[in-house]
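K.L.:
This is the structure, below, for whatever I ask next.
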Amino acid sequence: MPKDFYCDEVLSGKTPVEKVVETDLVLAFKHTRPAYPVHIVVIPKQHIDSLLHLEEAHNPLLLEMVRVIQQVAETVMAAHGSCRVVTNLGAYQDSKHLHWHIISGDSKR
């Protein structure tokens, strides 16, 4: 089973992160290895493998995630004028834990 960085490191507190927004269900934080000048990750505190694994029972959690994503994206838009909201699947998803990236600027890589 692939390592889940978000459960194993971030949510456990083993890897400290700079929190942007935190609710009872969701955490948004600055990426620990940013690929963009602005690179924020939004994760549910409950483990869900990916967007493809969401079920109807996750609707309250999903709504909370969308609210947090919207809040962070509005802040990034106000400061930088544009951003992207991205989630990855399959081989593109390094950590098998549902998460969204809110990014702005040109890739550093």
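Values quoted throughout were computed directly from the atomic coordinates according to the rules given, and no laboratory measurement underlies them. Note that this is a predicted model, so its numbers are computed, not measured. Virtual Cβ from ideal backbone geometry, glycine too; neighbours counted across all protein chains shown.
K.L.:
Using a Förster distance of 41 Å, how high is the FRET efficiency between Q70 and K108, based on the Cβ-Cβ distance and rounded to 0.05?
P.N.:
Numbers: r = 25 Å, r/R0 = 0.62.
Efficiency, rounded to the nearest 0.05: 0.95.
K.L.:
Counting other Cβ atoms within 10 Å, which trypsin sites (Lys or Arg not before Pro) in segment 35-97 have at most 16 and lie in a DSSP loop? Walk me through the numbers on the way to the answer.
P.N.:
Values: sites: K45, R67, R84, K96; in loops: K45, K96.
The qualifying sites are K45.
K.L.:
What's the extension gain from R33 to K19 if we count 0.36 nm per residue and subtract their Cα-Cα distance?
P.N.:
Fully extending the segment from R33 to K19 adds 3.6 nm.
K.L.:
Compute the length gained on full extension between A79 and K45: take 0.36 nm times their separation in residues and subtract their Cα-Cα distance, giving the result in nm to one decimal.
P.N.:
Numbers: separation 34, 0.36 × 34 = 12.24 nm, distance 2.70 nm.
Result for the pair: 9.5 nm of gain on full extension.
K.L.:
Can you put L98, L25 in order, fewest other beta carbons within 10 Å first? Can you show the working numbers first?
P.N.:
Working: L98 24, L25 16.
Ordered by Cβ neighbours within 10 Å, fewest first: L25, L98.
K.L.:
Return the long-range amide H neighbours of S50 (sequence gap of 5 or more, or a different chain), with a cut-off of under 5 Å between placed amide H atoms.
P.N.:
Residues meeting the criterion, in which the H sits 1.01 Å from N, are L98.
K.L.:
Follow-up. Report the full-extension gain for the segment S12 to L54: residue separation times 0.36 nm, less the Cα-Cα distance, to one decimal in nm. Intermediate values should be presented prior to the final figure.
P.N.:
Numbers: separation 42, 0.36 × 42 = 15.12 nm, distance 2.24 nm.
Here the segment from S12 to L54 would lengthen by 12.9 nm.
K.L.:
Specify which residue in the list V68, I48, S82 is farthest towards the positive end of the charge dipole of the chain, using unit charges on the beta carbon of Lys, Arg (+1) and Asp, Glu (-1), about the Cα centre.
P.N.:
About the Cα centre, the residue reaching furthest to the positive side is S82.
K.L.:
Using only Cα atoms, find the angle between the long axis of helix 59-80 and the longest principal axis of the chain, and express it within 0 to 90 degrees, rounded to the nearest 10.
P.N.:
On a 0 to 90 degree scale, this one is about 10.
K.L.:
Would you list which lysines come within 23 Å of K96, measuring only between C-alpha atoms, while excluding same-chain residues fewer than 8 positions from it?
P.N.:
K3, K14, K19, K30, K45
K.L.:
Pick out, in residue order, every one of the GluC sites (Glu not before Pro) in segment 1-93 that is DSSP loop and has at most 11 other C-beta atoms within 10 Å; say none if there are none. Spell out each step's value before the answer.
P.N.:
Working: sites: E9, E18, E22, E55, E56, E64, E74; in loops: E18, E55.
Those satisfying the criteria are E18, E55.
K.L.:
Quick one: H97, H53, fewest Cβ neighbours within 10 Å first, how do they rank? Could the numbers behind the result be given before it?
P.N.:
On the way: H97 22, H53 11.
If I rank by nearby Cβ atoms, fewest first, I get H53, H97.
K.L.:
Report, by chain and number, residues whose modeled amide H sits under 5 Å from the one on V38, excluding near sequence neighbours (fewer than 5 apart, same chain).
P.N.:
Those lying under 5 Å, H to H, from V38 are S104.
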